[in-house]
Amino acid sequence: MTLYSHEIEIARQASRQAAALCLAVQAEAEQGLGGMEKAGREPVTIADYGSQALILSHIAREFPSDAVFAEERGDEFDTVATDSQRERVCQHISQITGTEIATSSIKSWLDHGRGSASNRAWAIDPIDGTKGFLRRDQFAIAIALLIDGDPVVSALACPVFPVDPANPSGALGVIAYAVKGQGTVIESLSETNRRQLKVTTQAEPSAARIVESVESGHSDHDFSASVLKMAGVAGQPVRMDSQAKYAAVADGRAEIYIRHSQGEGYTEKIWDHAAGVLVVTEAGGKVTDLNGKPLDFSKGGRLSDNHGILATNGYLHDKLLDAIQKMK
Ligand code: AMP
Ligand code: MG
């Protein structure tokens, strides 16, 4: 048995089931996506709650004493969801697991492991890119295990990501997963054919392909445009929601993901990056903050002292960091 083989198997299974739940909610088009607004005016849907409860039911069963940092909260589920929305979450989970689920179980799964003290902590985003999910664009289900703040296991399901980069209008839905020191693998959601992920060796900025957030409220598009120009990057960024951007870099579909956080005092949440960072680094890429420092996942639910992120194939990293320094 290799190191973390049980953890990666559970993360993979959980992200696969969560992806199925999210797609089932999208398929019930006439009933809507169950969009609601939570604290901070952020959108949340019944699929966010269903996905998180499902993932945490696996973590609670398999790794009951691990700590958890996960985006959604049981008390918010009570206040922002209606009775019929809570009922729909139960139905979706029951359908996927094949067992009858009560609303009370959902609440306790949603809060499982929150505030626990352990050097093992799961960082979970049940739907990363909820805005993309609502627009039926890219979104991801992100699960990472941190040991003493170091990401060691990650599963990143991207249910509407093209399986074959050469055929973007073909089959959709992948899971990229990684274990520290063991590389990154991608498999399609519908089949189990797998392949190893590898970043490109492109070292020429003028030929680099870039991804960034769709939301200018999440990442400063003017900043990235200036950095890219300064670094001699000729192409325009492809805008994509969620950690699918990390999967794009890991799979050689892009060389650069740049993010300059927006909003006074906003600090990035660990579940928005932990899974994606391991997927990129195990595929041979590099991820740092905009000063070239490694991301610090050891300070709780937020990346402390961070204003942005640079993920690249490695070959272009220093050139981009130089350009960022010159902008200051
Ligand atoms: P993306 O799809 O790359 O835009 O990232 C989505 C994530 O951005 C969400 O999960 C939010 O947690 C996060 N987010 C929300 N507000 C901000 C902000 N002001 N700056 C950076 N990220 C944010
Ligand atoms: Mg997110």
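Brief remarks on what is shown
- Placing unit charges on the Cβ atoms of the charged side chains and taking the dipole of the chain about its Cα centre, the candidate lying farthest along the positive direction among 101, 29, 258 is 258.
- Neighbour cut-off at most 16 other Cβ (10 Å), DSSP loop, GluC sites (Glu not before Pro), the stretch 230-281: 264
- In order along the stretch 79-96, phi translates into HN-Hα couplings of 8, 8, 8, 7, 4, 6, 5, 4, 5, 5, 4, 4, 4, 5, 5, 4, 4, 6 Hz, rounded to whole numbers, per the Karplus curve 6.51 cos²θ - 1.76 cosθ + 1.60 with θ = phi - 60° and x for Gly and Pro.
- Residue 99 paired with residue 62, simple spin-label distance in nm, labels 7 Å along Cα-to-beta-carbon: 1.5 nm
- Count Lys and Arg as plus one, Asp and Glu as minus one, and take only other residues whose Cβ is under 12 Å from that of residue 39; the net charge is then -3.
- Here the stretch 149-207 and the stretch 1-42 have alpha carbon centers that stand 17 Å from each other.
- For a straight C-alpha distance cut-off of 26 angstrom, the lysines reachable from residue 326 (same-chain residues fewer than eight places away being disregarded) are 229, 245, 286, 293.
- Label point 7 Å beyond Cα of residue 118 along Cβ direction - residues of the stretch 1-45 with amide nitrogen under 16 Å: 4-12, 14
- Segments 110-121, 15-26 sorted - mean Cβ within 10 Å per residue, highest first: 15-26, 110-121
- Sequentially through the stretch 270-278, phi angles give Karplus couplings (6.51, -1.76, 1.60; θ = phi - 60°) of 5, 6, 7, 9, 4, 5, x, 4, 5 Hz, Gly and Pro residues having no value and appearing as x.
- Over the chain, dividing the summed -39,500 (n - 2.57) contributions of all DSSP H runs of at least 4 residues by the number of residues returns a 222 nm mean residue ellipticity of -10500 deg cm²/dmol.
- Overall form of the stretch 244-328 per C-alpha gyration tensor (a/c, 1.5; a/b vs b/c): oblate
- Relative to the longest principal axis of the Cα atoms of the chain, the long axis of helix 221-231 makes an angle of roughly 40 degrees.
- Segment residue 225-residue 6, length gained on full extension (0.36 nm per residue, minus Cα span): 74.6 nm
- Sorted on the mean count of surrounding Cβ atoms within 10 Å across their residues, most packed first, peptides 63-69, 88-94, 38-44 read 88-94, 63-69, 38-44.
- For the stretch 141-148, the Karplus equation 6.51 cos²θ - 1.76 cosθ + 1.60, evaluated at θ = phi - 60°, returns couplings of 10, 10, 10, 9, 9, 9, 10, 6 Hz by residue, with Gly and Pro reported as x.
- Net +/- balance of residues flanking residue 7 in space, Cβ distance below 10 Å, scoring K and R +1, D and E -1: -1
- Chymotrypsin sites (Phe, Trp or Tyr not before Pro) within the stretch 248-306: DSSP coil, no more than 14 neighbouring Cβ in 10 Å: 266
- When both the stretch 68-92 and the stretch 273-328 are represented by their alpha-carbon centers, they are found 33 Å apart.
- Assuming charge only on the beta carbon of Lys and Arg (+1) and of Asp and Glu (-1), the dipole of the chain about its Cα centre is about 660 debye to the nearest 20.
- Within the stretch 143-250, GluC sites (Glu not before Pro) in DSSP loop having at most 14 other beta-carbon neighbours inside 10 Å: 191, 215
- Within the shell defined by Cβ-Cβ distances under 14 Å, the residues around residue 204 carry a net charge of 0, with Lys and Arg each +1 and Asp and Glu each -1.
- Whichever lysines have a C-alpha closer than 21 Å to that of residue 38, once near sequence neighbours (fewer than 8 apart) are set aside: 107, 131, 269
- Relative to the compact-globule estimate of 2.2 N^0.38 Å, the Cα radius of gyration of the chain comes out at 0.94.
- Taking amide hydrogens as placed 1.01 Å from N in the peptide plane, the amide H of residue 243 sits under 5 Å from those of 140, each at least 5 positions away in sequence or on another chain.
- Residue 80-residue 148 FRET efficiency (beta carbon distance; Förster radius 30 Å; 0.05 resolution): 0.30
Values in this text are rule-based calculations from the coordinates and carry no lab data. Quick caveat, the model's predicted, so the values are computed rather than measured. When we count neighbours, we look across all protein chains shown, and the Cβ atoms used for this are built from the backbone with ideal geometry, even at glycine.
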